[in-house]
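Okay, structure first, notes after.
The values are calculated or read from the model by the stated rules, or taken from the named source; none is laboratory data. A quick note: this is a predicted structure, and the numbers were derived from the prediction, not measured. No Cβ is skipped: glycine too gets one built from the backbone with ideal geometry, and neighbour counts run over all protein chains shown.
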Amino acid sequence: MPRRWIMHVDMDAFFASIEQRDHPEWRGKPVIVGGLSARGVVSTASYEARAFGIHSAMPMSRARTLCPAGIYVRPRFELYRSVSDEIHRIMLHYAAEIEPISLDEAFMDITGMGTQYPTLGAIGRAIKGEIREKTGLVASAGIAPNKFLAKMASDMDKPDGLTIIPYGREAAILAPLPLRRLWGVGSVTEGKLLAAGFRTIGDIQRAAPGTVEAAVGRLADHLRRLSFGIDDRPVQAERAVKSIGDEETYETDLTDPAAIRRRIAIHSDTVASRLRRRHLTARTVSLKIRFASFRTVMRSVSFEEGTNLQEDIEAAALSLLEKIPRTEAVRLTGVTCSNLAEEVETISLFPDRKDALRRAARAVDAIQARYGKDAIRKGFYMEEEKS
């Protein structure tokens with residue numbers, strides 16, 4: 001059995017970094033994302049803003065006092081979720097399962113990847129590099145024997161860090177660190193440990209039997225195991241599919257409106273096929289356009305009834321495209337379907353155009369499943385090859 005290796009990917013100042021990416025004039029400046037009302041709080045602060053002492057969960061009024069010249073932005077959660085999904089798809093290029101724990105961080109089990117990369121560092125650099133190439137964003141990563149250590153490692157060299165904690169070095173690396181670095185140690189537990197004379201994780205490692213129990217009770221065994229870097233929890237993947245999408249970043253930016261519409265048709269066909277393969281329908285279609293400047297626009301529309309037909313998805317996506325002013329070349333296009341439900345077979349007494357389209361789609365799926373995708377294709381694929 002190969003040694004287990006867990007990687008934790010943590011996006012650096014995620015929301016603020018997206019805003020700086022989409023607004024180049026904000027790069028290098030303090031950007032604070034959060035509620036802008038008098039009672040608002042900071043969601044994320046760029047590293048430039050953190051230099052003023054601003055941090056997440058801080059009252060926005062306090063942030064404005066610390067940095068009056070900062071750039072204060074309302075969060076665009078729909079966009080952040082879309083970018084998060086894109087990053088998760090990239091991570092799945094390197095691991096069969098990932099465990100997202102928030103929009104900006106996730107675990108992945110990379111055990112066995114050493115057969116494809118010469119070193120653990122090479123794996124980490126490959127993942128970080130693909131994330132930067134496809135999203136324009138910077139990630140920090142930690143690689144270690146377990147989840148606790150991997151998450152700790154990802155925080156050791158931010159921003160743009162890559163830290164590896166090797167087997168056999170766990171206890172030595174943990175020993176000088178403060179108690180708060182242990183999972184489960186908040187302000188109350190830390191106060192009890194400090195009152196009992198503990199100052200570092202190493203103090204817990206060296207503690208005489210019963211002394212940790214006297215301070216924190218039943219939590220003692222958990223803290224003692226973590227102090228030596230012992231954590232057996234597996235990476236637990238999300239099983240339920242929440243969305244299905246397809247997107248592409250182009251080597252040459254698109255300027256021809258017909259080419260953009262053609263790519264949307266291809267995305268729609270790909271997504272529809274994936275929905276039918278999983279016997280799902282979708283009630284929401286989202287269109288994503290990223291321009292040459294990295295400015296990204298997301299638009300969505302919902303139906304009363306679910307669909308898995310390319311024609312429906314394309315029509316919805318093109319209607320959204322018409323609402324997006326295009327003043328520069330397009331770097332990326334994408335179509336995503338969400339609001340998913342199990343496909344329900346119905347028998348209509350009066351077959352209509354939708355019934356005919358469904359029968360045609362199933363026939364195409366069957367032919368492609370047997371003879372390959374090139375056996376039968378729609379006309380826009382041929383147009384794309386000629387362009």
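Go through region 274-289 residue by residue and tally those that are more than 12 Å from Asp246 (Cα to Cα) and either over 22 Å from the mean Cα position of the chain (by Cα) or without any contact (Cβ under 8 Å) to a residue 40 or more places away in the chain (or both). Residues flagged as more than 12 Å from Asp246 (Cα to Cα) and either over 22 Å from the mean Cα position of the chain (by Cα) or without any contact (Cβ under 8 Å) to a residue 40 or more places away in the chain (or both) within region 274-289 amount to 7. Can Thr111 be described as in a strand (DSSP E or B) and either surrounded by fewer than 16 Cβ atoms within 10 Å (Cβ to Cβ) or among the hydroxyl-bearing types (Ser, Thr, Tyr) (or both)? For Thr111, the condition - in a strand (DSSP E or B) and either surrounded by fewer than 16 Cβ atoms within 10 Å (Cβ to Cβ) or among the hydroxyl-bearing types (Ser, Thr, Tyr) (or both) - is not met. In this structure, Leu340 does not satisfy being buried (at least 17 other Cβ atoms within 10 Å of the Cβ) and either assigned by TED's automatic domain parsing to the domain that holds Lys134 or at pLDDT 95 or above (or both). Name the single residue that is modelled with the highest pLDDT among those in region 343-378 being farther than 20 Å from Thr307 by Cβ and more than 34 Å from the chain's Cα centre (by Cα). By that ranking, first place goes to Ile367.
Condition check ((1) in contact (Cβ under 8 Å) with a residue 60 or more places away in the chain; (2) not assigned by TED's automatic domain parsing to the domain that holds Phe15) across all residues:
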{"position": "Asp109", "(1), (2)": "yes, no"}
{"position": "Gly112", "(1), (2)": "yes, no"}
{"position": "Ile127", "(1), (2)": "yes, no"}
{"position": "Gly142", "(1), (2)": "yes, no"}
{"position": "Met152", "(1), (2)": "no, no"}
{"position": "Gly161", "(1), (2)": "no, no"}
{"position": "Pro176", "(1), (2)": "no, yes"}
{"position": "Arg199", "(1), (2)": "no, yes"}
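Of all residues in region 247-259, exactly one satisfies the criterion of being modelled with pLDDT of 90 or more and crowded, with 19+ Cβ neighbours inside 10 Å, namely Leu254. Among the residues of region 1-26, how many are assigned to a loop (DSSP other than H, G, I, E, B) and closer than 12 Å to Leu137 by Cα? The total comes to 2. Within region 267-313, being part of a helix (DSSP H, G or I), of a type in the set (A, V, I, L, M, F, W, C) and under 30 Å from His23 (Cβ atoms) holds for one residue alone: Val271. Quick check on Glu99: is it without any contact (Cβ under 8 Å) to a residue 12 or more places away in the chain and either under 21 Å from the mean Cα position of the chain (by Cα) or in a helix (DSSP H, G or I) (or both)? No, not satisfied.
With respect to Gln205, is the statement that it is closer than 28 Å to Glu105 by Cβ and at pLDDT below 95 true? No.
The residues on offer are Leu254, Leu219, and the sole one that is farther than 24 Å from Arg331 by Cβ and of a type in the set (A, V, I, L, M) is Leu219. Counting only residues that are surrounded by fewer than 20 Cβ atoms within 10 Å (Cβ to Cβ) and farther than 17 Å from Ile201 by Cβ, which one in region 137-163 is farthest from the chain's Cα centre (by Cα)? Restricting to residues being surrounded by fewer than 20 Cβ atoms within 10 Å (Cβ to Cβ) and farther than 17 Å from Ile201 by Cβ, the top hit is Asp157. Among the criteria (1) within 23 Å of Phe294 (Cα to Cα); (2) of a type in the set (A, V, I, L, M); (3) without any contact (Cβ under 8 Å) to a residue 60 or more places away in the chain, the one Ala38 does not fulfil is (1).
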